[in-house]
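Okay, structure first, notes after.
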Amino acid sequence: MGIVGNLNSNQLQFFNSEGYLVLESFTSPDDIKSLRLKMEQLLDQFDCSSRASIFSTRNQQQTTDDYFFESAENISFFFEEKAFDDNGNLKQPKQLSINKVGHALHERDPIFKSFSSSEKFLSLLYSLGYRKPIVIQSMYIFKQPGIGGEVVPHQDNSFLYTNPPTCTGLWLALEDATITNGCLWAIPGSHKGSEETWIPSLCILPEDFKLGRVGDGDVGLLDVAPRALRLF
């Protein structure tokens, strides 16, 4: 039997209307534990004295180097802007200094590769009309206490632009994501404007996630627990 889509008509209608979708209990606690444990191992093995590439959501053009470009085919480590002191030394342990790890986890690591190519993902993308989906980028994002850089409003699809649009983002919560520690925000329906405006995305969330809209008007807050997936 071939791949069968796992989104129902109501979910597809919401996704097409609002531009995002939250899926509860998308994956198992064992999957989450496996991914987190593997990242702990990768961080332990990373020799931070040999490379100090910084990722910035505001000034990436200034901090981009060969290491960043080559990360498309590797498992690479990027520090927070505020991770180092004036002498170039880490101000805290490397595990609390990394901004993200990317961008080929889905190719270079067996654990992440198996998870990224699992049938649950294929079924999800099949529901959206994909027939031969390809993972082009993967990253493990940290929200470090105290030194975590601000992430300004942005559209992920603008970084992986195709015409017509062919990219869908999947965001999986590996721990509680709340308004106090850096949860996602969304603007419902903002994908319906011109080509320059936001495009739909998918978000996967844990089983007991909480979704609410707060703030001013149409701005929404995605407050979730581990294992939830968001599409966008």
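Details
- By accessible area, using a 1.4 Å probe on protein heavy atoms only, region 104-176 has 56% of its surface on carbon and sulfur.
- Global geometry of region 38-146, whether rounded, prolate or oblate, following the gyration tensor of its Cα atoms and the 1.5 cut on a/c: prolate
- Prolate/oblate/rounded label for region 1-43 (Cα gyration tensor, a/c 1.5): prolate
- Distant-in-sequence amide H partners of L184 (H built 1.01 Å from N, under 5 Å): L222
- With every protein chain in place and a 1.4 angstrom probe, the accessible-area ranking of S97, S158, largest first, reads S158, S97.
- Cα centroids of region 139-153 and region 155-183: 13 Å apart.
- Extension gain for the segment L12 to I147, taken as residue separation times 0.36 nm less the Cα-Cα distance, is 44.8 nm to one decimal.
The values are calculated or read from the model by the stated rules, or taken from the named source; none is laboratory data. Given the structure is predicted, the values throughout are model-derived calculations rather than measurements. In case anyone asks, the SASA skips ligands and DNA or RNA and just uses the protein heavy atoms, side chains included. Shrake-Rupley method; radii C 1.70, N 1.55, O 1.52, S 1.80 Å.
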